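The values are calculated or read from the model by the stated rules, or taken from the named source; none is laboratory data. Predicted, not measured: the structure shown is a model, and the values here were computed from it. As a convention, Cβ positions derive from the backbone with ideal geometry for all residues, glycine included, and neighbour counts pool all protein chains shown.
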Amino acid sequence: MSPDKLVYMANQIGRFFVTQGQEKAAAGTADHIRKFWEPRMRTAIIAHLKAGGAGLDPVVRLALERLPEAKPEAGRQQAPPQ
């Protein structure tokens with residue numbers, strides 16, 4: 001699915017929740033995307049966010065940053081400095 005289509009869909013979800021205030025809207029949007037979007041869609045929208053997130057509404061950006069896919073891997077260790 002194209003990034004433009006994913007942005008459109010994510011923004012629609014965010015607009016549904018926006019009347020609840022920014023915090024609840026972000027939480028509701030993140031929850032909806034986590035529950036109902038397939039992993040490939042979530043991966044693609046997170047990649048779009050990391051590439052600048054053109055077209056994403058502010059509430060949707062906040063929601064996407066909360067998804068587990070957007071967070072650095074917890075078990076990943078950095079290489080020691082040389």
## Note on the structure
Residue pairs within 7 Å by beta carbon, gap of at least six or interchain, first lying in the range 1-23 and free of Cβ contacts under 8 Å to residues at least 12 places away in the same chain and more than 18 Å from residue 47 (Cα to Cα), second in a helix (DSSP H, G or I) and of a type in the set (Gly, Ala, Ser), listed first then second, are 20/28
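Filtering the range 51-82 down to residues that are within 16 Å of residue 27 (Cβ to Cβ) and charged (D, E, K, R), which residue is modelled with the lowest pLDDT?
Here is the first cut: in the range 51-82, the residues within 16 Å of residue 27 (Cβ to Cβ) are 57-68, 70-71.
When the remaining residues are screened for being charged (D, E, K, R), the result is 57, 61, 65-66, 71.
Working: 57: 97, 61: 97, 65: 96, 66: 94, 71: 83.
Per the stated criteria, the residue is 71.
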